[in-house]
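Beneath this line is the structure, given in structure tokens, with notes to follow.
The values are calculated or read from the model by the stated rules, or taken from the named source; none is laboratory data. Quantities reported herein were computed from a predicted structural model and do not represent experimental measurements. So basically every Cβ, Gly included, is an ideal-geometry build from the backbone, and we count neighbours across all protein chains shown. Side chains included, ligands, DNA and RNA excluded: accessible areas come from the protein's heavy atoms. Shrake-Rupley method; radii C 1.70, N 1.55, O 1.52, S 1.80 Å.
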Amino acid sequence: MRTVRPSSCPIVAPPDPVYIQRSWTTFQRPASAGGGTDALTRLYTEVAKKYLPQQPLVVNNKPGASGVIGMTDVLASKPDGYKLCMVIAEVTTLPNLGLAKFDYTKFEPIARLNADPAAITVRADAPWNTLEEFLAASKKEPGEIKLGNAGNGSVYHLSAIGLEERAGVKFNHVPYSGAAPAVVALLGGHIDALDVSPAEVGQHVLGGKLRMLGIMADQRIPAFGSVPTFKERNFDLALGTWRGLAAPKGTPKPVIDVMREVARKTSDDPAFKEGLSKLNLGQAYLDAPQFAQAMQRDHEYFGQLIQKNGIKV
């Protein structure tokens, strides 16, 4: 009997029923526990087991280096379908920053499951009640406001730099090993503001502990309908993150096809949709070919943003 040790990125078994019965699938997340990637992966595995009834699904975290550690671990595994990764948007940013020896082309895409805009959030007792007040203070005291993010080179780090460029302000960027510890830091008053997705601050915003000032999206989010978009405030910013399943390049096509079908069925499942809604996570399913195209577009976009601004981390 073959035993597969749980690692930190998703694993999926081949379509051979013997293997499915004798192993488990490990879904590895290159992010810390408690954040949006963690919540999405656990929701996905809970619903997906309905479509892989004989295949135990195991979830592991392997955070660090803005996702490099977890994604590298998966890429170093044998491409046999027993380990998959919940890849994050940083797979398109980190290589452009010189922080990863791999890029999105080293993965075999399965499906994108989610996409969320970046949002600027402060404590409820912060002196800024609006986005305009926050930016005015940032402009008045360049580099003084401590703005947390989910790690050097993360999408949230880059979206904050994009905001600096558009608004003519300067922040003191404070990186953390994921969104969850960054949220804790904001709640504890260790930083002044935070650039992460609405999902990762949602419960605290709704609970009255935090205040969301603006989201970098084309349209407002229903769950936070009173929060304006940056475009409404004359800043043409629509940036954010996404998450999706992928395997190491070279994973057999029959395995990928099985997992694509499971991902499609899971994404269409009412329980999955309801779970995303409760987590304030945006559903944005893309099948493998479209997911690959989206990754390529983001890689090219962030590459030019990084080069244009001379961003180094």
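Worth a mention:
- For region 127-254, the equivalent ellipsoid derived from the Cα gyration tensor has semi-axes of 26, 17, 16 Å, listed largest first.
- Averaging 1/r over each pair of different alpha-carbon atoms in the chain and inverting the result gives 19.6 Å, the Kirkwood hydrodynamic radius.
- On the chain, 51 percent of the accessible area sits on carbon and sulfur atoms, based on a 1.4 Å probe.
- Mean separation of Cα contacts under 8 Å, 6 or more apart, over the residue count of the chain: relative contact order %: 25
- Pairwise FRET efficiency - residue 301 versus residue 51, Cβ, R0 = 30 Å, nearest 0.05: 0.35
- Debye, to nearest 20: dipole size of region 87-234, +1 on Lys, Arg Cβ, -1 on Asp, Glu Cβ: 40
- Anchor residue 83: lysines whose Cα lies under 22 Å away (excluding residues fewer than 8 positions away in-chain): 49, 50, 62, 101, 106, 249, 253, 265
- Accessible area per residue for the chain is 42 Å², calculated with a 1.4 Å probe on protein heavy atoms, without ligands, DNA or RNA.
- Estimated dipole of region 193-313 in Debye, rounded to 20 [Cβ of Lys and Arg +1, of Asp and Glu -1, Cα centre]: 240
- With viscosity 0.692 mPa s and temperature 37 °C, the Kirkwood radius over alpha carbon pairs of region 236-278 converts through Stokes-Einstein to a diffusion coefficient of 258 µm²/s.
- Calculated mean residue ellipticity, 222 nm, the chain: -11500 deg cm²/dmol, from DSSP H runs (n ≥ 4) at -39500 (n - 2.57) each, averaged per residue and rounded to 500.
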